[in-house]
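Peer 1: This is the structure, below, for whatever I ask next.
Just so it is clear, none of the values below were taken in a lab; they were calculated from the coordinates. Worth saying up front: this structure is predicted, and the values here are computed from it rather than measured. Note: ideal-geometry Cβ built from the backbone for every residue, glycine included; neighbour counts use all protein chains shown.
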Amino acid sequence: MSAPHVKVSDIKSRPDQPDCGLGHACQFCPREPECTLDKPRHEKLLIEARLERIDQIVLVMANKGGVGKSTVSANLAAGLAARGYRVGVADADIHGPNQSRFFGFVGAHVRVSERGLATCDFETAPLAHPIKVGSLAFLMEREDTPIVWRDAYKHDFMHHLIGSFDWGALDFLLVDMPPGTGNELITLCDMLESANVAALLVTTPQEVALMDSLKAARYCQERKLPVLGVVENMSGITCPHCHGEFHLFPREALARRLEETGVQSLTQIPLDPELARGSDTGVPDILARPGGTVAEAFRPVINACVEHAREHFEQAAVHSLNDAFSENLQSPMLEQALEGLAPEQRDALRQELTDMLNIEQQRLSGSGRSKE
Ligand code: ADP
């Protein structure tokens with residue numbers, strides 16, 4: 001799957017403005033003190049070159065910490081990877097980066113190469129492709145260092161996360177967002193404007209968390225960012241003694257508010273100690289218990305991501321075909337071929353070609369829409 005958002009080539013081809021071609025930000029570059037090239041342009045090129053190879057970005061958002069956003073990101077990534085997709089997880093939760101722990105990379109540090117900062121690659125037997133993890137934690141000397149970020153640094157970090165890490169070709173990049181709708185989100189949304197981005201909201205059924213998460217939904221609606229839906233986390237619990245299921249918090253308020261906001265609930269993930277244990281041991285629970293209730297609860301979320309990416313791909317394909325069709329109808333070769341014909345035959349043939357191409361376009365648009 002590849003969406004047409006390539007813009008790098010036209011900038012790169014300008015010989016008056018050379019680029020160093022290195023895949024990491026100037027801040028990591030040993031040549032930086034002597035470098036006289038245009039640094040902001042280098043940063044822009046880096047980000048565009050990365051985005052060009054990523055088909056679908058999913059921002060995993062919540063307005064409140066502790067509702068399970070990182071847990072959902074890690075397990076969703078593992079679920080997509082288990083279906084054979086190439087997946088990356090960008091840990092943008094700059095105040096509490098957790099993905100290094102969730103994938104067993106505590107204490108890992110990254111190498112800087114010509115191609116950028118190396119991701120840590122989570123590999124396990126059933127996965128066709130490793131899950132690529134990029135996190136601020138890999139840039140810190142110690143994981144338990146408290147992080148106090150000035151806004152300018154936050155902006156830099158978001159750029160490094162997407163631009164400097166060597167993500168390679170990905171079907172999905174899941175971004176584990178910091179809680180809230182603050183500067184980080186705005187920076188990231190601005191940076192990803194040309195990419196195919198959708199949001200996934202995580203909430204718990206408690207009223208406070210719920211109100212906060214819907215703020216995120218409204219932000220997405222204002223920015224015209226598609227919302228895949230809401231994951232209701234910690235929704236329900238199974239008694240370890242009698243195995244009966246019960247809800248700690250009532251769901252009615254959540255259902256009512258979701259309806260008011262026009263956002264659909266995708267799934268309810270139970271409060272399950274194994275899910276937390278999986279995160280602590282560095283193997284996402286969905287991989288450790290592929291047939292379990294948690295894996296089952298994640299299925300609609302995985303489907304929603306795949307469906308969204310497919311729709312986008314089909315729409316992009318229809319657009320490219322539209323362009324190719326209209327170019328072909330005006331091509332000099334076609335004109336040459338038609339030249340030998342009588343004018344009325346020429347017009348009839350041209351009309352026939354146009355009708356054929358229209359039918360094909362309609363067929364493709366129809367197959368795109370049928371998945372909505
Ligand atoms: P956030 O990213 O929103 O701050 P985390 O994903 O870090 O939240 O989750 C906070 C804590 O709750 C973690 O210890 C995690 O293991 C635990 N947790 C999250 N979801 C569940 C769940 N459904 N069942 C049990 N524990 C969970």
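Peer 1: Amide H to amide H under 5 Å from Gln264: which residues, 5+ apart in sequence or cross-chain, H placed 1.01 Å off N in plane?
Peer 2: Here the answer is Val230, since their amide H atoms fall under 5 Å of that of Gln264.
Peer 1: Next question. Which whole number in µm²/s is D for segment 20-110 by Stokes-Einstein, with the Kirkwood Rh taken over Cα pairs at 25 °C and 0.890 mPa s? Could you put the intermediate results ahead of the total?
Peer 2: On the way: Rh = 15.8 Å.
Using the Kirkwood radius from Cα pairs, D works out to 155 µm²/s.
Peer 1: Quick check for me: using +1 on Lys/Arg Cβ and -1 on Asp/Glu Cβ, what's the dipole size of segment 54-298 about its Cα centre, in debye to the nearest 20? Please list the in-between numbers first.
Peer 2: Working: 20 positive and 30 negative charges, 28 e Å.
The calculation lands at about 140 debye.
Peer 1: Go through 44-55, 342-353, 76-87 and give me the packing order, highest mean Cβ count within 10 Å leading. Don't skip to the answer; put the middle values down first.
Peer 2: Details: 44-55: 21.2, 342-353: 11.5, 76-87: 23.6.
Final packing ranking: 76-87, 44-55, 342-353.
Peer 1: Moving to a separate point now. Say the dipole of segment 54-298 comes from +1 at the beta carbon of Lys and Arg and -1 at that of Asp and Glu; which of Ile57, Pro97, Ala288 then lies farthest toward its positive end?
Peer 2: Sorting the options by dipole projection puts first Ile57.
Peer 1: A follow-up question, please. Assigning unit charges at the beta carbon (Lys, Arg +1; Asp, Glu -1) and nothing else, what dipole magnitude in debye, to the nearest 20, does segment 35-193 show about its Cα centre?
Peer 2: Details: 16 positive and 21 negative charges, 35 e Å.
Value, rounded to 20: 160 debye.
Peer 1: Which ³J(HN,Hα) values, rounded to whole Hz and listed in residue order, are derived for segment 50-62 from phi using the Karplus coefficients 6.51, -1.76 and 1.60 in 6.51 cos²θ - 1.76 cosθ + 1.60 with θ = phi - 60°, glycine and proline given as x?
Peer 2: Going residue by residue, I get 5, 5, 4, 9, 10, 7, 9, 10, 10, 8, 8, 10, 7 Hz, with x marking Gly and Pro.
Peer 1: Once the convex hull of the alpha carbons of segment 54-298 is built, what does its volume come to per residue, in cubic angstrom?
Peer 2: 127 Å³
Peer 1: Using θ = phi - 60° and the Karplus relation 6.51 cos²θ - 1.76 cosθ + 1.60, list the HN-Hα couplings for segment 272-278 in order, rounded to whole Hz, with x at every Gly or Pro.
Peer 2: 9, x, 5, 5, 5, 5, x
Peer 1: A further question follows. List the residues whose amide H sits under 5 Å from the amide H of His95, counting only those 5 or more places along or on another chain, with H placed 1.01 Å from N in the peptide plane.
Peer 2: Placed amide hydrogens put nothing under 5 Å from His95.
Peer 1: Determine, for each peptide in 33-43, 163-173, the mean count of other beta carbons within 10 angstrom over its residues, then list the peptides with the highest first.
Peer 2: Details: 33-43: 12.0, 163-173: 21.7.
Most protected by this proxy first, the peptides run 163-173, 33-43.
Peer 1: For a quick check: with amide H placed at 1.01 Å from N, whose amide H comes under 5 Å from Gly236's, ignoring anything fewer than 5 positions away on the same chain?
Peer 2: Leu248, Phe249, Leu271
Peer 1: Of Pro270, Thr238, Val197, whose Cα points farthest to the positive end of the dipole of segment 172-276 (charges on the beta-carbon: +1 Lys, Arg; -1 Asp, Glu; origin at the Cα centre)?
Peer 2: Result: Val197, furthest along the dipole toward the positive end.
Peer 1: Still on this structure: Using θ = phi - 60° and the Karplus curve 6.51 cos²θ - 1.76 cosθ + 1.60, what whole-Hz ³J(HN,Hα) does each residue of segment 108-124 get, with Gly and Pro shown as x?
Peer 2: Result, rounded to whole Hz: 6, 10, 9, 9, 9, 10, 4, 8, x, 7, 6, 7, 8, 9, 8, 10, 8.
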